[in-house]
Amino acid sequence: MPHPFDTFLTSGFLPVITKPTRIAHTTTTLIGNINISTKRRPNIHSAILTIDIDHHLPIITIVGCDTYIINNKPKIIH
């Protein structure tokens, strides 16, 4: 049976966070994954917030997307 990470990769998804997000006294672990499709590569910014509240660090991902303005002219009915 394939590893779940391999399944994500072969399906065209990549992780946006690759550093540990859970920090304990003797171990670190990457949890709380966000995966994106590689079919469309939008403008993506990700970060691990180093806030000393808990041993789980919050993560954030901002995805930029294309916006289109369609010039809809009002219809005049006589």
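The values are calculated or read from the model by the stated rules, or taken from the named source; none is laboratory data. Remember, predicted model here, so these are calculated numbers, not experimental data. Cβ placement follows ideal geometry from the backbone for every residue including glycine, while neighbour counts extend to all protein chains displayed.
Observations on the model:
- Within the stretch 42-60, residues that are within 20 Å of HIS25 (Cβ to Cβ) and without any contact (Cβ under 8 Å) to a residue 40 or more places away in the chain have Cβ atoms under 9 Å from residues that are assigned to a strand (DSSP E or B) and not β-branched (Val, Ile, Thr) in these pairs: HIS55/ARG22; HIS56/ARG22; LEU57/ARG22, counting only partners at least 6 apart in sequence or on another chain.
- Residue pairs meeting the criteria (Cβ under 6 Å; at least 6 apart or on separate chains; first touching a residue at least 60 places away in the same chain (Cβ under 8 Å), in the stretch 4-15; second part of a helix (DSSP H, G or I) and of a type in the set (A, V, I, L, M, F, W, C)): none
- Test for THR26: is it among the polar types (S, T, N, Q), surrounded by fewer than 10 Cβ atoms within 10 Å (Cβ to Cβ), at pLDDT 85 or above and not in a helix (DSSP H, G or I): yes
So that you can scan it fast, the table gives a plain yes or no per residue for (1) surrounded by 11 or more Cβ atoms within 10 Å (Cβ to Cβ); (2) within 17 Å of the chain's Cα centre (by Cα); (3) at pLDDT below 80:
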| residue | (1), (2), (3) |
| --- | --- |
| ARG41 | no, yes, yes |
| LEU57 | yes, yes, no |
| VAL63 | yes, yes, no |
| HIS78 | no, no, yes |
